[in-house]
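> So that we are looking at the same thing, I have put the structure below in structure tokens.
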Amino acid sequence: EQMCYNEQEGEVDSMQNTTVCFTGHRQIDAAHMMALPALLKAEIAKQIEAGAVHFRAGGAIGFDTLAALCVIEQKRQYPHIKLDLILPCRSQDVAWSENDKRAYRFVLSEADSVIYLHEQYCDGCMLERDRKLVEGSDVCIAFLTKSKGGTAYTAAYALKSGLDFVNLYDAML
């Protein structure tokens, strides 16, 4: 990892080359879906301007896919950023709709790195993926509307781990 040296301050700038992870719900209602892409793009751009280079997504349908697509889009303007996928298993898309599978294959093809935690689905692989997304990240961008479930677990783990936390839902209230 590169660190940027701040000549004026005479110290290493720790905000450079930060890692951002995403967590959010699979199901997003239509009203939220209208506002979410613009909020997400603006937050990703803000993080890039603050020094974020690596963006980690978990590859699920819904928010994960939207976040990955936004990072891919931002790579046109910021070619140095990286999309890193941390996936629970190779077969996670087996029961998905054809449209969701198509989007997933596109995201896989555009990712800079892909890590599969398991070959096949197994108990706990989703929570393991959630923890791996957080570990080594500096910032968590979330779309969290409920206090239960995988997104709430990941958000709580991110906060407990000391990550800067941005819930895009808060901007909609």
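The values are calculated or read from the model by the stated rules, or taken from the named source; none is laboratory data. Note that the coordinates shown come from a computational prediction; the quantities given were computed from them, not determined experimentally. Counting neighbours? That spans all protein chains shown, and the Cβs are built from the backbone with ideal geometry, glycine included. Calculation scope for accessible area: heavy atoms of the full protein, side chains included, ligands and nucleic acids excluded. Shrake-Rupley method; radii C 1.70, N 1.55, O 1.52, S 1.80 Å.
> Among residues other than residue 89 whose Cβ falls under 14 Å from its Cβ, what is the net charge (Lys/Arg +1, Asp/Glu -1)?
Neighbour charge sum, excluding residue 89 itself: -2.
> Could I ask something else about it? Which label belongs to the value computed from this structure, given these candidates for semi-axes √(5λ) of the Cα gyration tensor in Å: (i) 30, 20, 14; (ii) 26, 18, 17; (iii) 28, 21, 13?
Computed from these coordinates, semi-axes √(5λ) of the Cα gyration tensor in Å corresponds to label (ii).
> For the pairs 46/132; 82/132; 46/82; 41/82; 75/132; 75/146, flag any whose C-alpha to C-alpha distance is greater than 25 Å. Before the final figure, lay out the partial values.
On the way: 46/132 23 Å; 82/132 17 Å; 46/82 15 Å; 41/82 15 Å; 75/132 23 Å; 75/146 31 Å.
Those over the limit are 75/146.
> Could you calculate the contour length gain from residue 160 to residue 33, that is, 0.36 nm times the residue separation minus the distance between their Cα atoms, to one decimal place in nm? Numbers along the way, then the final one.
Numbers: separation 127, 0.36 × 127 = 45.72 nm, distance 2.82 nm.
Additional length available on full extension: 42.9 nm.
> Hey, what did the chain get for relative contact order, percent, Cα under 8 Å, at least 6 apart? Display every interim value, and only then the final one.
Working: 293 pairs, mean separation 42.0, N = 173.
The value is 24 percent.
> Give me the extension gain from residue 82 to residue 110: residue separation times 0.36 nm, minus the current Cα-Cα distance, reported in nm with one decimal.
Details: separation 28, 0.36 × 28 = 10.08 nm, distance 0.97 nm.
So the extension gain works out to 9.1 nm.
> Let me ask another. Connecting C-alpha atoms closer than 10 Å in a GNM of the chain, tell me which of 21, 122, 140 has the biggest fluctuation.
122
> To continue, here is another question. Output the peptides 106-119, 26-39 sorted from most to least packed, where packing is the average of other Cβ atoms within 10 Å over each peptide's residues.
The densest-packed peptide leads the list: 106-119, 26-39.
> So what J values fall out for the stretch 119-124 if you push phi through Karplus, 6.51 cos²θ - 1.76 cosθ + 1.60 with θ = phi - 60°, rounded to Hz, Gly and Pro as x?
Those phi angles translate into 5, 10, 4, 8, 3, x Hz.
> Explain nothing, just compute: Karplus ³J(HN,Hα) = 6.51 cos²θ - 1.76 cosθ + 1.60, θ = phi - 60°, for every residue of the stretch 111-118 in order, whole Hz, x for Gly and Pro.
5, 7, 8, 9, 10, 9, 6, 8
> Right, another one. Along the Cα→Cβ direction, 7 angstrom out, place labels at residue 100 and residue 73. What is the inter-label distance in nm?
Result: 2.1 nm between the two label points.
> Keeping every protein chain present and rolling a 1.4 Å probe, give me the accessible area per residue for the stretch 27-94 in Å².
Working: 2850 Å² over 68 residues.
Computed with neighbouring chains in place, this is 42 Å² per residue.
> Just report the Cα centroid separation between the stretch 12-87 and the stretch 102-126, whole Å.
About 16 Å separates the Cα centre of the stretch 12-87 from the one of the stretch 102-126.
> A further question on this structure: Give me the net charge for the shell around residue 121: Cβ to Cβ below 13 angstrom, other residues only, Lys and Arg +1, Asp and Glu -1. Write out the running numbers ahead of the final one.
On the way: positive: 90, 129; negative: 93, 119, 123, 128.
Spelling it out: positives minus negatives among the neighbours equals -2.
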